[in-house]
Structure formats: structure tokens, C-alpha cells
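First up is the structure itself, then whatever we jot down about it.
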Amino acid sequence: MHFDDFSNRISKIENLELPGSASHYKMAPMFRIKELESGEIVKKNPKQAAVMALFYPNLDYQTNLLLILRNTYKGIHSNQIALPGGKVEKRDINLLETALRETHEEVGAVREQITVIRSMSEIYIPPSNFEVTPYLGLYKKEKPFLRQVDEVAAIVEVPLHDFMDDKKIFHQILNTSYAQNVEVPAFKLNGYTVWGATAMMLSEIKELFKQVL
């Protein structure tokens, strides 16, 4: 979809009701859903973080979604596909500030040129005890993205039509740092498997997009 057309249509979601956990659960592992519904998972003064789902035009002015591949490190989210973003720092005046700052640091997006459409439903990540607030933004990219080499292994550019294609959803058996041989729903985007909290956030965005695109 041409970015101008996408931008005009997407502005309509600003006042739509968020699907929330119903859309998150579509991309959540069954064991996690059971834990959440049974009340086994209790938030323990979670750390706060914010991410940005950034949509932008490619060279042909077709709409893309920006994802990143995190570097390998000693941590739960090592080497995973994610949205640009990170944890709140003391200098951040609010969560949106966190999302904008981190997006600039990780991929070089000029924060003043990001049009923020709205915030999405926050999501709690039990293994790392983070509560993450996603934001949806538009960006008329004039320069190539520039990854932060210390944190970002690769920039992953996903065409909108791939993101919206339900055939890109599948199930895969994964081993994680906190669970072994678990079946998880995931997106296959630009050759990468996108699962967990990122897939759950994208699921909500996709549900909103289906109402206006």
C-alpha cells in the first residue's frame, strides 16, 4: 500500500477501542494463557519499558514495518526479533519519551519526524518482569536507518502486505531460557520468526488495521 494512502487510513484508528488481551492471546503460548487466566502470574513491581511500532515508506513509497534483531547477550530476550525500544530512564518524562528516545538510539529515526498515532495496550512480560507500552508511529524516512551496533544485530524491514497476511502466522516448537519444547504461535516475517511479547503486540496492531485498511 502506498504510504500516503496508508497514512490517511491509519489516522482513523486513533479513537477505536483497543482489542487488548483478546488480541494478545491469539499470539501467546498456551501455557502462558493458562498462567494468566489462573492468576498464577502476579506483577511484582514491574520495570517499565516502551517500544515503537514504526511504519514508513520504502524507496518505492510502499509501506513497511520496522523490526530489529537484538544482539546475542546474556539475557532472556537475546537474539530475538523486537520492536525498537527499551526500559525507562530517569531522564524520560513519560513512556512516550522512552519510546522516542530508544527508537532514535537504536535505529537512528529522527524523533521530531515521527508522528505518533496512539499508544497500544501495555503487556506484561513475566520472565523479565517488564511491563511494556507500545506506541504506533508514522515516519517519512529520508535517510537509511542506522543501527546501534552494541544492541542491534540487524534491521528488519517488513512490507505491510506481508504483515497483514494471515498465512504468515504459524506454530513452532521452541526452547527458551525459561521453558523447553514449547509450542508457540509466531509470525514469519522477512525470514525471521517473531514470537512472544512482540508477536502479541503486533497482533493487536493488526486487529486495528483490519478495521481501516
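With a threshold of 26 Å on the Cα-Cα distance, the over-threshold entries among 90/141; 167/210; 26/210; 140/210; 44/87 are 90/141. Taking the longest Cα principal axis of the chain as reference, the axis of helix 95-107 is set at about 70 degrees.
Multiplying the residue separation of residue 174 and residue 58 by 0.36 nm and removing their Cα-Cα distance gives an extension gain of 38.5 nm. Provide the solvent-accessible area of residue 72, counting protein heavy atoms only and rolling a 1.4 Å probe, rounded to the nearest 10 Å². Only protein atoms counted, so the area is about 110 Å². Of all DSSP bridge pairs formed entirely within the chain, close to 80 percent run antiparallel. Round to a whole number: what % of the accessible area of region 116-172 belongs to carbon and sulfur, probe 1.4 Å? Of all accessible area on region 116-172, carbon and sulfur atoms account for 48 percent. Report note on the peptides 200-210, 119-129: ranked by the mean count of other C-beta atoms within 10 Å, highest first, their order is 200-210, 119-129.
Per-residue Karplus couplings for region 126-133, computed as 6.51 cos²θ - 1.76 cosθ + 1.60 with θ equal to phi - 60°, are listed in order as x, x, 9, 6, 10, 10, 10, 10 Hz, Gly and Pro entered as x.
The calculated Kirkwood hydrodynamic radius for region 1-80 is 16.5 Å, given to one decimal from all distinct C-alpha pairs.
Each pair of Cα atoms in region 140-188 enters the Kirkwood radius, and Stokes-Einstein at 20 °C and 1.002 mPa s then converts it into a translational diffusion coefficient of 154 µm²/s. Take the Cβ atoms of residue 21 and residue 157, set R0 to 41 Å, and the FRET efficiency comes out at 0.90.
The distance linking region 125-146 with region 25-71 is 9 Å (Cα centroid to Cα centroid, whole angstrom).
The calculated FRET efficiency for residue 9 paired with residue 148, based on their beta-carbon distance and R0 = 41 Å, is about 0.85.
Per residue, region 28-104 exposes an accessible area of 53 Å² to a 1.4 Å probe, with every protein chain left in place.
Projected onto planes of every orientation and averaged, the convex hull of the alpha-carbon atoms in region 1-148 covers 10.2 nm². Per-atom-type breakdown for region 1-49 gives carbon and sulfur 48% of the accessible area (1.4 Å probe, protein chains only). In sequence order, region 7-18 has phi-based couplings of 4, 5, 6, 5, 4, 6, 7, 3, 10, 6, 6, 6 Hz under the Karplus curve 6.51 cos²θ - 1.76 cosθ + 1.60, θ = phi - 60°, and Gly or Pro positions carry x. Using the beta-carbon distance between residue 30 and residue 89 and R0 = 35 Å, what value does 1/(1 + (r/R0)^6) give for FRET efficiency, to the nearest 0.05? Rounded to the nearest 0.05, the efficiency is 0.50.
Around the amide H of residue 189, modelled in the peptide plane, lie the amide H atoms of 194, all under 5 Å away and 5 or more residues distant in sequence or on another chain.
The values are calculated or read from the model by the stated rules, or taken from the named source; none is laboratory data. This one's a predicted model, so the numbers in the text were calculated from it and none came from an experiment. Every residue, glycine among them, receives a Cβ derived from its backbone with ideal geometry; neighbour counts consider all protein chains shown. Areas reflect the complete protein model, heavy atoms only, side chains present, ligands, DNA and RNA absent. Shrake-Rupley method; radii C 1.70, N 1.55, O 1.52, S 1.80 Å.
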